[in-house]
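K.L.:
Can you read through this structure? Questions will come right after.
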Amino acid sequence: MAPGSLPAAVVENELQDPVGYSWWLAALAAGLVVLIALWYLLVWWLVRRRERRASEPLDTRIRPDRLAAIRRAHVDRVEAAYEDYAAERSTLRELHLEFNAVVRDYATARTGRDVSSLTVMDLRGIERGSALADVLAGYSEPAFARTSTARAREAADQAKAVIETW
């Protein structure tokens, strides 16, 4: 081979046209874009539906005598839980967990929908739910902290006040 000359194989290989992709790859890419868009629409729709449900009003179909009975039963549960604490049959943590359960149970009876798993922020979306949310937010620290400065009598009074006025 002479100096400066290229091998014969390199000279014969000229540029080739790019390989054309199959039609189904473009269809797959378009389909994936459509699926992603549908996913975002579904998530948006579900979140909006939950927000609409959270802002539902209180169940006003409860007869006044039935509402009074529901309130009395829940106030009795609060007093029983406090008496157990005062008799040292339960701890401050257990007391606040019981208050949380009683207040949420009352809210379920009052609204007509299960609120046992709603967060404090979700409860604020219920009509006049901010009072309920404030009380439950105050129960979080004593129920889950290692030590607490919460006062049991104040917590019982708050629970009874919410039940009697909400």
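K.L.:
So, in the range 134-154, how many residues would count as being in contact with a helix residue (DSSP H, G or I) (Cβ under 6 Å, 6 or more places away or on another chain) and either modelled with pLDDT under 80 or surrounded by 20 or more Cβ atoms within 10 Å (Cβ to Cβ) (or both)?
P.N.:
Quick first cut of the range 134-154, residues in contact with a helix residue (DSSP H, G or I) (Cβ under 6 Å, 6 or more places away or on another chain) only: 135-137, 139, 142-143, 148, 150, 152.
Next cut, either modelled with pLDDT under 80 or surrounded by 20 or more Cβ atoms within 10 Å (Cβ to Cβ) (or both) only: 135-136, 139, 142-143, 148.
Residues that pass the stated criteria total 6.
K.L.:
Answer yes or no as to whether Ala69 is in a helix (DSSP H, G or I), surrounded by 15 or more Cβ atoms within 10 Å (Cβ to Cβ) and modelled with pLDDT under 95. Reasoning before the result, please.
P.N.:
Values: in a helix (DSSP H, G or I): yes; surrounded by 15 or more Cβ atoms within 10 Å (Cβ to Cβ): no; modelled with pLDDT under 95: yes.
The answer is no for Ala69.
K.L.:
Also: Taking only the range 71-100 into account, find how many residues are without any contact (Cβ under 8 Å) to a residue 12 or more places away in the chain and of a type in the set (A, V, I, L, M, F, W, C).
P.N.:
Summing the residues that are without any contact (Cβ under 8 Å) to a residue 12 or more places away in the chain and of a type in the set (A, V, I, L, M, F, W, C) in the range 71-100 gives 3.
K.L.:
So, in the range 83-103, exactly how many residues are crowded, with 19+ Cβ neighbours inside 10 Å and either closer than 14 Å to Tyr139 by Cα or not assigned by TED's automatic domain parsing to the domain that holds Ala156 (or both)?
P.N.:
Within the range 83-103, residues that are crowded, with 19+ Cβ neighbours inside 10 Å and either closer than 14 Å to Tyr139 by Cα or not assigned by TED's automatic domain parsing to the domain that holds Ala156 (or both) number 7.
K.L.:
Please find, among Glu14, Glu56, the residue that is under 15 Å from Ala107 (Cα atoms) and either modelled with pLDDT of 75 or more or not in a helix (DSSP H, G or I) (or both). Write out each step before concluding.
P.N.:
Numbers: Glu14 fails: under 15 Å from Ala107 (Cα atoms).
Result: Glu56 is the single residue among Glu14, Glu56 that is under 15 Å from Ala107 (Cα atoms) and either modelled with pLDDT of 75 or more or not in a helix (DSSP H, G or I) (or both).
The values are calculated or read from the model by the stated rules, or taken from the named source; none is laboratory data. Bear in mind the structure is a predicted one, so any value in this text is a computation, not a measurement. Glycine also receives a Cβ, built like all others from the backbone with ideal geometry; neighbour counts cover every protein chain displayed.
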